[in-house]
Amino acid sequence: MAGTTPFDAELHAAGSYDPNYVPDSVKSFAVHMYRHIREKNVYEIHQMYETSFQSISDRFFKDSPWPSVDAVAPYVDNDHVFCMLYREMWFRHLYARHSPTLKQRIDSWDNYCSLFQVVLHGVVNMQLPNQWLWDMVDEFVYQFQSFCQYRAKMKSKTEQEIALLQQYDQAWNVYGVLNFLQALVEKSMITQILEQEKEGLEQFTATDGYDYSGGSNVLKVLGYFSMIGLLRVHCLLGDYHTGLKCIVPIDITQQGVYTSVIGSHITTVYHYGFANLMLRRYVEAIREFNKILLYIFKTKQFHQKSSQYEQILKKNEQMYALLAISLSLCPQVKLVEETVNSQLREKYGEKMSRMQGYDDEAFTLYDELFSYACPKFITPSPPSYEEPLVNYNQDAYRLQLKLFLYEVKQQQLLLGVRTFLKVYTTISLGKLAAYMEVDEPILRTILMTYKHKTHAVDADGKITSNADVDFYIDDDTVCVLKSKPAKRYGDYFMRQIVKLEGIMTDIDRIKLV
């Protein structure tokens with residue numbers, strides 16, 4: 001970024017991009033943004049960040065990067081911190097609209113290192129919008145993920161790229177990424193702040209993390225969002241236990257600062273739900289997917305003009321697929337609101353009924369939905385440059401898919417047990433063994449497996465049941481315990497009211513002759 005990158009040179013040679021040319025709109029943007037940041041005018045910063053940056057990008061920089069930081073620096077008093085913030089947006093725009101070169105990926109890493117070092121060890125007297133601070137953490141993790149995927153495609157690498165990878169082997173190193181996120185959490189003391197808030201000694205959530213006493217919100221809010229960043233990184237690595245531990249200080253069942261930014265809200269619940277799904281905590285996954293999908297259903301029209309709208313819709317579809325998987329493995333439909341259930345039946349009703357079978361077709365559908373909805377898993381370790389170069393960008397995904405499908409196969413073996421338990425309130429072991437065409441000792445093993453697979457250890461270390469049908473054995477008799485779902489009259493009346501309003505609207509449109 002400091003100077004001209006190869007990508008800049010290519011565009012410059014084509015006569016379409018001069019990194020040193022600063023249009024008047026960019027000068028005005030930089031000058032006003034710099035002034036608002038110095039004045040801690042969060043509202044104006046947010047407007048410029050969310051609206052002006054996007055509109056200028058669409059108008060002038062659809063096919064090229066923004067002007068270089070060296071060209072913009074004179075208009076902002078060569079302010080060191082502002083230049084790093086500008087670079088952060090510059091690289092984000094580059095990643096969103098172009099394919100960055102290896103050198104640009106490394107330069108972006110260096111900029112994040114410098115920016116986070118200033119936040120951690122310097123005096124940052126700024127108030128920035130939560131949206132921007134979330135985007136910093138979100139983009140940091142995304143670029144790490146993108147770099148790991150890029151590095152894993154070794155077959156297409158040139159000798160120069162391999163030499164650069166070896167030279168800058170610390171760039172986007174997994175320990176460096178985790179250390180920065182953990183350092184932001186610890187330095188911000190956000191865990192202690194959230195604990196004190198429970199005792200009424202802090203107002204962090206009530207103020208959405210902003211400091212109305214003239215201080216800075218940057219470190220505290222970055223620390224808060226870094227907990228979500230750690231959850232995401234650990235999910236990408238397949239370490240779901242550690243990922244969930246990272247967000248223990250955030251009460252996922254309540255509104256919080258994470259719900260103040262739609263991207264943060266969706267990312268948190270998506271990875272939280274996925275981690276619980278992989279740990280067989282199906283009830284928890286279903287409960288949280290249901291809540292976020294209902295929220296998106298009610299509010300998505302308010303985000304249509306947002307630059308993140310397409311990403312919201314994509315995650316929405318992925319979470320419906322994950323909900324379909326969760327309900328197929330753990331049929332707890334009573335946990336799902338009627339609105340969400342209606343959408344789910346429309347999207348995946350037929351597939352879900354086929355997923356209840358014990359055959360290759362059901363297995364293939366689980367494979368399909370998981371592959372569509374899972375995160376883009378990464379292998380964080382660098383390749384061995386001495387051995388023949390091969391692509392290994394799909395290795396982590398294949399491993400997680402294999403583990404998931406192994407679990408599905410075990411669950412499918414229990415479908416027969418669930419079917420019989422639903423029919424009876426009591427049944428002798430001998431009779432059930434005869435129905436299932438197995439010996440009694442094997443049946444006892446199957447029933448023990450059923451107990452194991454329908455129970456999971458929650459975040460507090462307690463064993464919880466995911467079973468829609470549970471049982472216990474008294475002597476040689478299986479006694480079935482069935483949970484009765486509470487009837488929801490409210491949903492029925494709400495649907496009828498909406499239908500009536502639609503009919504009344506249609507009647508009002510009719511012109512009487």
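The values are calculated or read from the model by the stated rules, or taken from the named source; none is laboratory data. Predicted model only: the values in this text are computed from it and were never measured. All Cβ positions, even for glycine, are placed from backbone atoms using ideal geometry, and neighbour counts span all protein chains on display. When the accessible area is computed, the model is the full protein with side chains, heavy atoms only, and any ligands, DNA or RNA have been set aside. Shrake-Rupley method; radii C 1.70, N 1.55, O 1.52, S 1.80 Å.
Basic side chains Lys and Arg get +1 at the Cβ, acidic Asp and Glu get -1 at the Cβ, and with that the dipole of segment 32-169 about its Cα centre reaches some 360 debye. Place a label point 7 angstrom from the Cα of Arg59 along the Cα-to-Cβ direction, then list the residues of segment 80-103 whose backbone nitrogen is under 19 Å away. It comes to 90, 93, nothing else.
In a simple Cβ point-charge model (Lys, Arg +1; Asp, Glu -1; nothing else charged), the chain has a dipole of about 1200 debye relative to its Cα centre.
Label-to-label distance for Lys402 and Glu317 is 3.0 nm, based on points extended 7 Å past Cα in the beta-carbon direction.
Normalised by 2.2 N^0.38 Å, where N is the number of residues, the alpha-carbon radius of gyration of segment 355-490 equals 1.44. At most 13 other C-beta atoms within 10 Å and a DSSP loop state: those are the exposed trypsin sites (Lys or Arg not before Pro) I care about. Give me the longest piece of the chain that has none. Of all site-free stretches, the longest is 156-304. So which chymotrypsin sites (Phe, Trp or Tyr not before Pro) in segment 357-390 are both in a DSSP loop and have at most 16 other Cβ atoms within 10 Å of their Cβ? Taking segment 357-390 and a limit of 16 other Cβ atoms within 10 Å, the loop chymotrypsin sites (Phe, Trp or Tyr not before Pro) found are Tyr358, Tyr385. Between the C-alpha center of segment 248-297 and that of segment 31-48 there is a gap of 32 Å.
Of the chymotrypsin sites (Phe, Trp or Tyr not before Pro) found in segment 111-219, the ones in coil according to DSSP and having at most 10 other Cβ atoms within 10 Å of their Cβ are Tyr212.
Across the accessible surface of the chain, with the other protein chains kept in place and a 1.4 Å probe, carbon and sulfur atoms take up 53 percent. Residues in the chain average 50 Å² of solvent-accessible surface per residue, probe 1.4 Å, ligands and nucleic acids excluded.
Global size of the chain: 26.8, 86 Å for Rg and Dmax (C-alpha atoms, Rg to one decimal, Dmax whole).
Using a Förster radius of 22 Å, what is the FRET efficiency between Tyr21 and Ser52 based on their Cβ-Cβ separation? Nearest 0.05, please. Calculated transfer efficiency: 0.70. How tilted is helix 218-237 with respect to the longest principal axis of the chain? Cα atoms for both, answer in degrees (0 to 90, nearest 10). Here the helix axis deviates by roughly 50 degrees.
Taking the Cα centre of segment 24-83 as origin and assigning +1 to Lys and Arg Cβ atoms and -1 to Asp and Glu Cβ atoms, the resulting dipole is close to 80 debye. Between Leu389 and Ser371, the contour length at 0.36 nm per residue exceeds the Cα-Cα span by 3.9 nm. Each residue, Lys409 and Val480, gets one label point 7 Å from its Cα in the Cβ direction; the gap between the two is 2.9 nm. Listed by chain and number, the lysines placed with their C-alpha closer than 18 angstrom to that of Lys291 are Lys300, Lys314, Lys315, Lys334, Lys347; residues fewer than eight positions away on the same chain are left out. The solvent-accessible area of Glu361, taken with every protein chain present and a 1.4 Å probe, is close to 90 Å².
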